[in-house]
Amino acid sequence: MPLTDENRVLVKLGLDQINLNPRPGIRALIEGSGLKLGQVNTGQVVFVLAPRINAVGRLGAASRAVELLTCTEAAKAQELARVLEEENLNRRKIDEETFSQAQQLVEKYLDLENDAAIVLHEETWHAGVIGIVASRLVEKYYRPTVMMTTVDGVIKGSARSVAGFDIYQALKRVEDKLIAFGGHKYAAGLAVEVDRLDEFREAFHAVVKELLTEDLRTPELHIDTKIELKEITPKLIRILKQFAPFGPQNMRPVFLSKEVELVGSPRIVGKDHLRFKVRQDAIVLDTIGFNLGRFLPHLAHGRKDLEMVYSVEESEWNGETFPQLKVKDLKYTKQENRQLADVKD
């Protein structure tokens, strides 16, 4: 949902309630996930709290999440929060295993130069994670993706799309190959007879190839404005906070800085996240690029022509808060050198 108008007001009031006086279940969930009460934002709701609530429904009975959210006793809430934490860890394990298997299938069977879509099926995949994995495949390969498994003798799947491409309409074009389907422009569910899988895959590939125009095949990175690192001041951060809560149609501002220099030794942290420092006119700032580990071998010391696209956030360490740049893309300006933005997996 767009975070504009009354939606933004409702989310703002909800976040205030969560941070100031949460229900016992929400408090237990926040504390169990390692977040700090009073500092919960929309990103943490989306990427930390919501996955824990969703996990119990994906892997078992969703009623456990309802019980947590309606719980009035602190001790019981903490017990239920531990269950959600365990289920989320289990979900992440299944997610990683499925994603790894899906990548292997893509690399083995798909022609990444010519195939406009990804359609994968494995009868043992867990139905609760195929939608998540489909989204991750879209992020990695930037193609409309369908992930499918077999449930009670019927192939069921989740479809995810790239920006601007209506995957619901694509499925409608091949609905004669399907038992059922439903959803919206960017996400859908579907069911196929086992003996019609290949027929569906071939028809879907053909429709996507027809409808996916060249401009939709390339990811678009929107940049709000160009700034210098010295402009990232406490005042700017205070102003940016006034735009929150951030979300669809009210995204965090994205900036471009040029003639930036790498400082120190960049490294990989977590699961393929790139962490490094940059300098411009004696201003040194910390940066992190989630899932940007592929850039590590191409970062060069001694060059001052690095261009960086990022959003500005805050990080806390040892009780101190400081600005942190969340990098979205990198490249070197000089054309005689290979641009980082051209580096592929």
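The values are calculated or read from the model by the stated rules, or taken from the named source; none is laboratory data. Computed from a predicted structure; not experimentally measured. When we count neighbours, we look across all protein chains shown, and the Cβ atoms used for this are built from the backbone with ideal geometry, even at glycine.
If the condition is being surrounded by 12 or more Cβ atoms within 10 Å (Cβ to Cβ) and either among the β-branched types (Val, Ile, Thr) or over 30 Å from LYS172 (Cβ atoms) (or both), then the stretch 211-225 contributes ILE223, ASP224. Residues that are under 18 Å from GLY131 (Cβ atoms), assigned to a loop (DSSP other than H, G, I, E, B) and either acidic (Asp, Glu) or touching a Phe, Trp or Tyr at 6+ places or on another chain (Cβ under 7 Å) (or both) do occur in the stretch 183-194, at least one of them. Restricted to helices (runs of 4 or more DSSP H) entirely inside the stretch 1-78, those with at least 1 residues that are of a type in the set (Asp, Glu) and within 27 Å of GLY128 (Cβ to Cβ) are 24-32, 63-70.
When ASN114 is tested against (1) part of a loop (DSSP other than H, G, I, E, B); (2) within 17 Å of the chain's Cα centre (by Cα), just one condition goes unmet, and that condition is (2). Taking the listed residues ILE155, ILE132, the one that is of a type in the set (Val, Ile, Thr), part of a helix (DSSP H, G or I) and touching a helix residue (DSSP H, G or I) at 6+ places or on another chain (Cβ under 9 Å) is ILE132, with no other qualifying.
Within the stretch 274-285, residues that are farther than 10 Å from SER257 by Cβ sit with their Cβ atoms under 9 Å from residues that are of a type in the set (Phe, Trp, Tyr) and outside any loop (DSSP other than H, G, I, E, B), at 6+ positions apart or across chains, in these pairs: LEU274/PHE295. Filtering VAL11, VAL56 for residues that are touching a helix residue (DSSP H, G or I) at 6+ places or on another chain (Cβ under 6 Å), surrounded by 16 or more Cβ atoms within 10 Å (Cβ to Cβ), touching a residue at least 24 places away in the same chain (Cβ under 8 Å) and not assigned by TED's automatic domain parsing to the domain that holds ALA134 leaves a single hit, VAL56.
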